[in-house]
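Just below is one structure, and these are the notes that go with it.
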Amino acid sequence: TYVVFLFSCSNQYIKVVKSNTHIEFINHNNQSVKIKTTKNSKLFFALDAECPLCQSYSQKIGDLFEKHNQEIDFYAFFPSQIFIEKKVNDFIEKYKLEKLNIIIDTNLVFTHFFDAEVTPECFLINNDLEIIYQGAIDDQVQKLGRKRERVNQEYLNDAIYSHVNNKPIIIKKTNAIGCFIE
């Protein structure tokens, strides 16, 4: 059984083919990325190995994985047309993100599908491939170079909690602050 979706974003379209075994995201040049079909919703993080905010949020990403990996499939995608394997592998190892599904997005398939603009930015999607939360992990970063002493809003954790408990997600989108995706 196959279901085909067409998404238009960033002046580009992404065709999504969903089967019983995988979901394939295909860009306008027929370049694609496949992920496994499961019963779980999916959480994607746009990350950059050189972005200081990605480095500082890696512990929180790992904590979220440990807390929610039974209900949510976790992915990290690295949007970069120039892929330096050693930098990404060193980042994943140093910040202990090996348990996440890692995608090197050299063709920018996920970057365009999610319309990602900065790293770190997160995207929680349901089984209908709808983005049910997009944006910042929390409210600690006020603007580049300025962090709050204490986190007041756990946007992503609250969205995950609401979603897995079949409650409405109150804040569905926030402005992610971070390193711009080139």
Residue selected from region 15-45 under the condition of a type in the set (Gly, Ala, Ser) and over 24 Å from Tyr133 (Cβ atoms), by the criterion most open to solvent (accessible area, probe 1.4 Å)
Ser32
Taking Asp115 and the conditions (1) of a type outside the set (Val, Ile, Thr); (2) touching a residue at least 40 places away in the same chain (Cβ under 8 Å); (3) buried (at least 19 other Cβ atoms within 10 Å of the Cβ), which numbered condition does it fall short on, given that it satisfies the others?
(3)
State whether the residues of region 46-62 include one that is open to solvent by 50 Å² or more (accessible area, probe 1.4 Å) and in a loop (DSSP other than H, G, I, E, B).
yes
Condition met for Phe83 (farther than 30 Å from Asn166 by Cβ, among the aromatic types (Phe, Trp, Tyr) and exposed (fewer than 15 other Cβ atoms within 10 Å of the Cβ))
yes
Name the pairs whose Cβ atoms lie under 9 Å apart, with the first residue in region 13-25 and in a strand (DSSP E or B), the second of a type in the set (Gly, Ala, Ser), and 6 or more positions between them or separate chains?
Ile14/Ser8; Lys15/Ser32; Val17/Ser32; Glu24/Ser32; Phe25/Ser32
Quick one: Phe78 ticks every box in (1) surrounded by fewer than 20 Cβ atoms within 10 Å (Cβ to Cβ); (2) part of a strand (DSSP E or B); (3) of a type outside the set (Val, Ile, Thr) bar one, so which box is it?
(1)
Name the single residue, out of those in region 10-68 being β-branched (Val, Ile, Thr) and more than 18 Å from the chain's Cα centre (by Cα), that is modelled with the highest pLDDT.
Thr21
Give region 101-142 a look and list any residue that's on the phi > 0 side of the Ramachandran plot and touching a Pro at 6+ places or on another chain (Cβ under 7 Å), or say none.
Leu108
So which residues in region 130-146 are under 13 Å from the mean Cα position of the chain (by Cα) and open to solvent by less than 10 Å² (accessible area, probe 1.4 Å), if there are any at all?
Tyr133, Gly135, Ile137
Criterion (part of a loop (DSSP other than H, G, I, E, B), closer than 16 Å to Glu71 by Cα and open to solvent by 70 Å² or more (accessible area, probe 1.4 Å)) met by exactly one of Asn166, Asn152
Asn166
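The values are calculated or read from the model by the stated rules, or taken from the named source; none is laboratory data. Since the structure is predicted, the reported quantities are computational estimates derived from the model, not experimental observations. Glycine also receives a Cβ, built like all others from the backbone with ideal geometry; neighbour counts cover every protein chain displayed. Accessible surface areas use protein heavy atoms only, side chains included; no ligands, DNA or RNA. Shrake-Rupley method; radii C 1.70, N 1.55, O 1.52, S 1.80 Å.
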